[in-house]
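Bear in mind that the values in this text are calculations on the coordinates, not laboratory data. Since the structure is predicted, the reported quantities are computational estimates derived from the model, not experimental observations. Please note: Cβ atoms are built from the backbone with ideal geometry, for glycine as well, and neighbour counts cover all protein chains shown.
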């Protein structure tokens with residue numbers, strides 16, 4: 001009896017429920033990679049619930065990304081143009097909700113600059129309204145408008 005169970009990063013092959021062989025199968029798809037801007041204008045890569053900062057870029061265009069939780073996780077992701085060369089396993093837990101909120105906030109900032117006539121409150125409600133009415137207990141994770149309105153209005157003035 002052979003059972004093949006595929007997870008996101010690792011697949012397990014169980015033979016007769018006695019021998020367990022772990023094989024690392026990194027996903028090389030670019031569908032789940034998203035780039036956002038950091039607070040200081042740098043780039044942040046979001047992938048599979050993890051966040052990466054640029055560590056270095058070579059002359060050939062190979063970009064090395066490091067996990068943002070440097071003190072507990074030393075995972076590195078290396079991209080060469082259109083392919084993933086290397087991906088380490090993380091020691092930190094993925095933060096899917098935080099990444100989704102970062103994507104929504106980045107989308108708000110893009111809309112604020114592209115649609116200067118639309119009120120900031122409407123843009124915020126369009127982006128975060130679905131999350132707040134979803135019924136999930138994520139009210140402490142989703143930023144309230146009063147807490148981020150100053151940064152959104154500053155972004156509009158830029």
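A compact table of results
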| read-out | value |
| --- | --- |
| Radius of gyration and maximum dimension Dmax of segment 96-157, Cα, Å | 11.4, 34 |
| Spatial separation of Cα centroids for segment 75-129 and segment 37-58, in angstrom | 10 |
| Packing-based ranking, highest mean first, of 62-69, 80-87, 140-147, 95-102 given that Cβ atoms within 10 Å are counted | 62-69, 95-102, 80-87, 140-147 |
| Paramagnetic reach from residue 88 (point 7 Å along Cα→Cβ, amide N under 20 Å) across segment 57-72 | 57-58, 62-72 |
| Residues of segment 89-116 with amide N under 15 Å of a point placed 7 Å along Cα→Cβ from residue 55 | 89-92 |
